[in-house]
């Protein structure tokens, strides 16, 4: 009988443990794969509730299968049925719809895109275009031409900014200038700039997030840009400042009102109202916070909450914010904003 030395016993035990761990990993992978296969085999008969309950990666695979077997419109119909009152619920699904639309139809695939899922489809088209063509200078122009042919051009402006930022290799001033070259109106340019700054923060199309906000200077990097880009930079920047510097919503509001430019304050306060609506999901919290804003900016703060609730299909909560405004022009403008979101939701052709 062979007697193992202490060292040999130790090596044997280590080897056995490694084999057991490897076997367990393989089996768990097999089980996960089998579950995924089972789900995908029944994709055609998935109910909206079953689709919604899937793990995120399986849900993406399922939506791809539905689009492949039944078409992109059927895939969008499943998303709408699964998230009837939460149009902002799963931005990544919107991305995937846009990618598939571009793969099928090029920039004419923008015809499938709308405001649902936080405009994710437009981002997906931009991502797929950059993935296919690389950093070609004409991508942004082709994207914009497709928008004008196939959809409501205004809905494309933010996605256009995302695409431009990638093409310009995340150099923001050249990206802003490209928005100005392609677009003529100040309003269109503003929303293109908006996409530029957001892409620089999130690096959505690059697949990684940029450590954008300073831990010590709440105004950086917006204070390094020409003044005309300050408002759009601060608008996107403020929620990241809150996270990185652990500000309360009240401190966030105070920081917004410390800017000298009225447009910058208005955009910043708007996003503060938007942020508290998204975080708390309670119109009372939005009303209380916005009540602390200077009177000139209270409406902007409330409208930020209105936009957040409306994008999620929660029009009742949005209306609760509007009714706190004095009857007249401001209140009517608030209700009109809700009606605009409802109209787009009700008339989306899927």
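The values are calculated or read from the model by the stated rules, or taken from the named source; none is laboratory data. Everything numeric here is computed off the predicted structure, so don't read it as measured data. Note that each Cβ is placed from the backbone with ideal geometry, even for glycine, and that neighbours are counted across all protein chains shown.
What the table below lists for this structure:
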| item | result |
| --- | --- |
| Among (1) in contact with a helix residue (DSSP H, G or I) (Cβ under 6 Å, 6 or more places away or on another chain); (2) surrounded by 15 or more Cβ atoms within 10 Å (Cβ to Cβ); (3) modelled with pLDDT under 90; (4) on the phi < 0 side of the Ramachandran plot, the one test that residue 118 misses | (4) |
| Residue within segment 259-270 that is more than 21 Å from the chain's Cα centre (by Cα), part of a loop (DSSP other than H, G, I, E, B) and surrounded by fewer than 19 Cβ atoms within 10 Å (Cβ to Cβ) present | yes |
| Complete set of residues in segment 143-152 that are assigned to a helix (DSSP H, G or I) and either touching a residue at least 24 places away in the same chain (Cβ under 8 Å) or on the phi > 0 side of the Ramachandran plot (or both) | 143, 144, 145, 146, 147, 149, 150 |
| Qualifying residues in segment 299-314 (those that are assigned to a helix (DSSP H, G or I) and within 17 Å of the chain's Cα centre (by Cα)) - the one nearest to residue 270 (Cα to Cα) | 304 |
| Looking only at segment 61-113, and only at residues there that are under 21 Å from residue 315 (Cβ atoms) and not in a helix (DSSP H, G or I), the one that is modelled with the lowest pLDDT | 87 |
| Conditions (1) over 21 Å from the mean Cα position of the chain (by Cα); (2) surrounded by 15 or more Cβ atoms within 10 Å (Cβ to Cβ); (3) closer than 22 Å to residue 126 by Cα; number of the one not met by residue 181 | (2) |
| Given (1) buried (at least 23 other Cβ atoms within 10 Å of the Cβ); (2) under 17 Å from residue 189 (Cα atoms), index of the condition residue 154 fails | (1) |
| Residue within segment 168-181 that is over 28 Å from residue 247 (Cα atoms) and modelled with pLDDT under 90 present | yes |
| Number of positions in segment 227-242 that are farther than 21 Å from residue 162 by Cβ and out of contact with any helix residue (DSSP H, G or I) (no Cβ under 8 Å at 6 or more places or on another chain) | 1 |
| Sole residue being over 20 Å from residue 325 (Cβ atoms), in contact with a helix residue (DSSP H, G or I) (Cβ under 9 Å, 6 or more places away or on another chain) and either touching a residue at least 40 places away in the same chain (Cβ under 8 Å) or surrounded by 17 or more Cβ atoms within 10 Å (Cβ to Cβ) (or both), chosen from 289, 253, 247 | 247 |
